[in-house]
Amino acid sequence: LVGRPPVELFQLKNMRTLVLSSNSISFSFEGIGEAKSLNSLVLSSVGLHDISGIETVADTLEELKIDNNDFHHDLNNPRPPIPSEIFQLTNLEHLSMDRNDFGGSIPDDIEKLTQLTFFSA
């Protein structure tokens with residue numbers, strides 16, 4: 001797949017899992033809050049730069065895989081911290097974000113993810 005997935009994808013009322021890994025897409029979280037049943041999101045190796053907007057599915061999202069993306073595209077910040085939006089996803093049980101070259105330590109905000117049973121970075 002290439003290009004930007006349509007916003008209408010998030011209007012599928014019964015979609016529980018969305019896997020778009022290893023595609024040349026330009027993913028935007030705009031409208032993802034409409035995906036009322038979404039509990040698993042797999043966006044590994046899609047060239048994500050940020051995850052702004054993902055917090056709108058905080059009530060339902062239980063699994064997030066964002067391995068091997070491009071969060072370090074900013075030359076002024078070649079090793080950015082873990083995106084703060086992740087710590088708003090308080091229902092997460094499974095979080096995988098390997099091979100993103102995040103800088104710094106794991107923030108204290110990790111304690112907000114009280115449902116987490118699997119973590120990989």
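Starting from the Cα gyration tensor of segment 45-121, take the square roots of the eigenvalues, sort them a ≥ b ≥ c, and report rounded, prolate or oblate (rounded when a/c is under 1.5, otherwise prolate if a/b is larger than b/c, else oblate).
Cα axes put segment 45-121 in the prolate bin.
DSSP finds beta bridges in the chain, and of those with both partners inside it, around 0 percent are antiparallel. Look at the alpha carbon pairs under 8 Å that are at least 6 residues apart: their mean separation over the length of the chain gives a relative contact order of 20 percent. Distance between the C-alpha centres of segment 77-120 and segment 6-65: 16 Å, rounded to the whole angstrom.
The three principal axes of the C-alpha atoms in segment 1-45 carry coordinate ranges of 25, 17, 13 Å, sorted with the longest axis first.
Only the coordinates and a few stated rules stand behind these numbers; no lab work does. As the structure is a computational prediction, the values presented were derived from the model and not from experiment.
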